[in-house]
1. Which condition number does ARG27 fail, the rest of (1) of a type outside the set (A, V, I, L, M); (2) in contact (Cβ under 8 Å) with a residue 60 or more places away in the chain; (3) in a helix (DSSP H, G or I) being met?
2. Which of the residues that make up the range 45-91 are buried (at least 20 other Cβ atoms within 10 Å of the Cβ), not in a helix (DSSP H, G or I) and not aromatic (Phe, Trp, Tyr)?
3. Based on what the data block shows, is VAL59 under 28 Å from VAL32 (Cα atoms) and out of contact with any Gly (no Cβ under 7 Å at 6 or more places or on another chain)?
4. Determine whether the range 33-44 contains at least one residue that is surrounded by fewer than 20 Cβ atoms within 10 Å (Cβ to Cβ), small (Gly, Ala, Ser) and not in a helix (DSSP H, G or I).
Amino acid sequence: MNDTRAESPRPGANDAEWDLLHREIARMRASVMALVFGLIGGSGVCLATVWLLLRGGEVVGPHLGLLANYFPGYSVTWPGAILGFVYGALSGALFGGSGAWVYNLVAGKRR
C-alpha cells in the first residue's frame, strides 16, 4: 500500500497554507517583548534596591550603586528604587523591543 502522508514533509497542508503558518509563527511582537522585558528589568532593579535597603548595614549596596554611572540620579535609597524601576523598565523595553525587531528582520530574510 502506498502511503503518501509519510513521504510528504507537510502532511495535509498545501504550500500556501504552510507558508502562511510559517510566516505567522516566525514573527515576534516587538511591543509584547518590550513590555515583558521592561517589567522584568524594572522589577529587577527595584527589588534589588529594596532588598539591600531592608538588609541594611553600615555600607548599603556599593556595587548596585555603580548603576548611577548609567542611570543618572539613581542611588541605593527608597526614591532610588522608584527611579531604578523607571530606568530598568526603559532599558529593558529598549532591549526587548530591539531584540524582537532584529529577530523578525533575520527571520524575514530567511524566507
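Bear in mind that the values in this text are calculations on the coordinates, not laboratory data. Treat the numbers as computed from the prediction; the structure is a model and nothing was measured. Counting neighbours? That spans all protein chains shown, and the Cβs are built from the backbone with ideal geometry, glycine included.
1. (3)
2. If the condition is that a residue be buried (at least 20 other Cβ atoms within 10 Å of the Cβ), not in a helix (DSSP H, G or I) and not aromatic (Phe, Trp, Tyr), then VAL76 is the only one that fits.
3. Details: under 28 Å from VAL32 (Cα atoms): no; out of contact with any Gly (no Cβ under 7 Å at 6 or more places or on another chain): yes.
So VAL59 fails the test.
4. No; the residues of the range 33-44 include none that is surrounded by fewer than 20 Cβ atoms within 10 Å (Cβ to Cβ), small (Gly, Ala, Ser) and not in a helix (DSSP H, G or I).
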